[in-house]
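Written out below as structure tokens is the structure these notes cover.
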Amino acid sequence: MAMQRISPLLAYLVAILAVGFLSGMDAAMKKVGLEHGALAALSWRALIAAPLVGMIYFWLRKGPPGRTALRYHWMRGVLMVPMSIAFFWGLNRVPMAQAIALAFIAPLLALVLAGPILGERVGPRIVAGSLLAFAGVLTIFAGQAQADLGRDAMLGSLSILGSACLYALNILLMRRQSQSAGPWEIAFFYFAVAGLGFWIVNLFTGLPPFPQESAGTLVIATLLSIAGMLGLAWAYAHGEAAYLSSSEYSGFIWAAFIGFLVFGEIPSPWTMAGAVAIVTGCWIAARTRRVDHAMEAA
């Protein structure tokens with residue numbers, strides 16, 4: 001029997017839904033982070049997620065990971081520790097839509113870094129797109145200055161930009177990692193290695209007590225994270241990357257909608273204008289090649 005062909009539109013809709021799951025995860029993590037701190041939220045989420053994903057991974061796996069795969073699992077897991085802490089620390093201090101808009105520069109930075117690191121050509125479209133996206137970042141910061149949101153909001157935005165720089169390196173590692181491991185293996189080692197890293201950091205900052213009153217929110221964040229990862233994996237398995245890549249920009253709409261529902265956040269005109277410039281810059285640069293998905297769970 002011939003395999004049923006999946007409609008490209010269906011794959012695109014699933015990708016958008018998966019991005020929505022990840023935006024919902026961001027909101028749940030922000031809610032826990034505001035009450036208990038970003039590191040505590042990340043640490044306990046990893047402790048919940050690793051066994052859940054691990055059970056499925058060990059059930060489905062056909063053998064142990066190879067040496068190359070293990071090297072990338074450890075490298076990427078270690079990198080995810082400061083990247084995730086920086087993102088969620090910043091997310092606790094700025095509106096969700098603004099955080100996602102700033103995070104959109106990650107795939108663009110990856111294209112730029114692919115030149116010196118992977119030896120790929122950095123063409124004029126990438127340069128033009130980078131300049132436009134940089135103008136969008138400056139627009140968002142100008143809006144912060146106009147609104148006088150305070151020192152915490154400025155530090156939060158800088159923290160998210162720092163996280164985006166680390167995520168750009170993470171994208172380059174993902175390109176190599178995905179060639180030697182499947183999605184369940186990648187997800188398990190992400191939660192296991194990064195989770196171990198979060199708890200090692202806790203040894204120096206103080207072990208966080210279990211946030212019992214936020215346990216339900218943590219479970220929701222974990223399930224949304226896993227659902228988002230699986231949704232994107234399914235979508236990209238049934239649709240072309242060039243066609244699906246623009247679905248990631250629905251993250252700004254999801255973040256604005258969920259941020260308003262959960263936290264009463266309303267994106268400023270400066271944030272909207274900056275997001276348009278960043279997305280347009282990414283689109284210009286991405287027309288030359290595939291851009292890896294930027295909305296993977298942090």
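What's the number of the only condition in (1) basic (Lys, Arg); (2) at pLDDT below 80; (3) assigned to a loop (DSSP other than H, G, I, E, B) that Arg125 fails to meet? Going through (1) basic (Lys, Arg); (2) at pLDDT below 80; (3) assigned to a loop (DSSP other than H, G, I, E, B) one by one, Arg125 breaks only (3). Annotation note: Cβ proximity below 6 Å between a residue of the stretch 201-212 that is within 10 Å of Ser43 (Cβ to Cβ) and a residue that is of a type in the set (A, V, I, L, M) (sequence gap 6+ or interchain) occurs for Pro208/Ala40. Return yes or no: is Leu166 touching a residue at least 24 places away in the same chain (Cβ under 8 Å) and within 30 Å of Val276 (Cβ to Cβ)? When the stated conditions are applied, Leu166 passes them. Candidates Phe134, Phe188: the one that is part of a helix (DSSP H, G or I) and either within 30 Å of Arg67 (Cβ to Cβ) or within 15 Å of the chain's Cα centre (by Cα) (or both) is Phe188. Selection of the stretch 199-225 for residues being closer than 21 Å to Gly24 by Cβ, assigned to a helix (DSSP H, G or I) and more than 16 Å from the chain's Cα centre (by Cα) yields Glu213, Ser214, Ala215, Gly216, Thr217, Leu218, Val219, Ile220.
Can Ala181 be described as of a type outside the set (Ser, Thr, Tyr), outside any helix (DSSP H, G or I) and under 20 Å from the mean Cα position of the chain (by Cα)? In short, yes.
Inspect the stretch 176-193 for any residue being touching a His at 6+ places or on another chain (Cβ under 6 Å) and under 19 Å from Pro107 (Cα atoms) and give the result as yes or no. No, the stretch 176-193 contains no residue that is touching a His at 6+ places or on another chain (Cβ under 6 Å) and under 19 Å from Pro107 (Cα atoms).
Out of Ile56, Ile85, Ile16, Ile48, one residue alone is hydrophobic (A, V, I, L, M, F, W, C), under 13 Å from the mean Cα position of the chain (by Cα) and part of a helix (DSSP H, G or I). It is Ile85.
Being among the small types (Gly, Ala, Ser), within 22 Å of Thr280 (Cα to Cα), out of contact with any Lys or Arg (no Cβ under 7 Å at 6 or more places or on another chain) and at pLDDT 80 or above: is that true of Ser130 here? No, not satisfied. Counting the residues of the stretch 71-86 that are over 23 Å from Ile100 (Cβ atoms) and either surrounded by 18 or more Cβ atoms within 10 Å (Cβ to Cβ) or free of Cβ contacts under 8 Å to residues at least 40 places away in the same chain (or both) gives 4.
Is it the case that the stretch 161-169 has a residue that's surrounded by 15 or more Cβ atoms within 10 Å (Cβ to Cβ), part of a helix (DSSP H, G or I) and modelled with pLDDT under 80? Among the residues of the stretch 161-169, not one is surrounded by 15 or more Cβ atoms within 10 Å (Cβ to Cβ), part of a helix (DSSP H, G or I) and modelled with pLDDT under 80, which makes the answer no.
Just to be sure, is Ser225 out of contact with any Phe, Trp or Tyr (no Cβ under 6 Å at 6 or more places or on another chain), among the polar types (S, T, N, Q) and modelled with pLDDT under 85? Criteria not met by Ser225. Remark: Ile16 matches the filter, which requires a residue to be within 30 Å of Leu138 (Cβ to Cβ), surrounded by fewer than 24 Cβ atoms within 10 Å (Cβ to Cβ) and of a type in the set (Val, Ile, Thr). When restricted to residues that are part of a loop (DSSP other than H, G, I, E, B) and in contact with a Gly (Cβ under 9 Å, 6 or more places away or on another chain), the stretch 19-45 contains 0. Please indicate, with yes or no, whether at least one residue in the stretch 233-249 is assigned to a helix (DSSP H, G or I), at pLDDT 80 or above and at negative phi. Among the residues of the stretch 233-249, at least one is assigned to a helix (DSSP H, G or I), at pLDDT 80 or above and at negative phi, which makes the answer yes. Of all residues assigned to the stretch 225-238, at least one qualifies as being over 24 Å from Ile100 (Cα atoms) and of a type outside the set (S, T, N, Q).
The values are calculated or read from the model by the stated rules, or taken from the named source; none is laboratory data. Predicted model only: the values in this text are computed from it and were never measured. Reconstructed Cβ throughout: ideal geometry from the backbone, glycine too, with neighbour counts over all protein chains shown.
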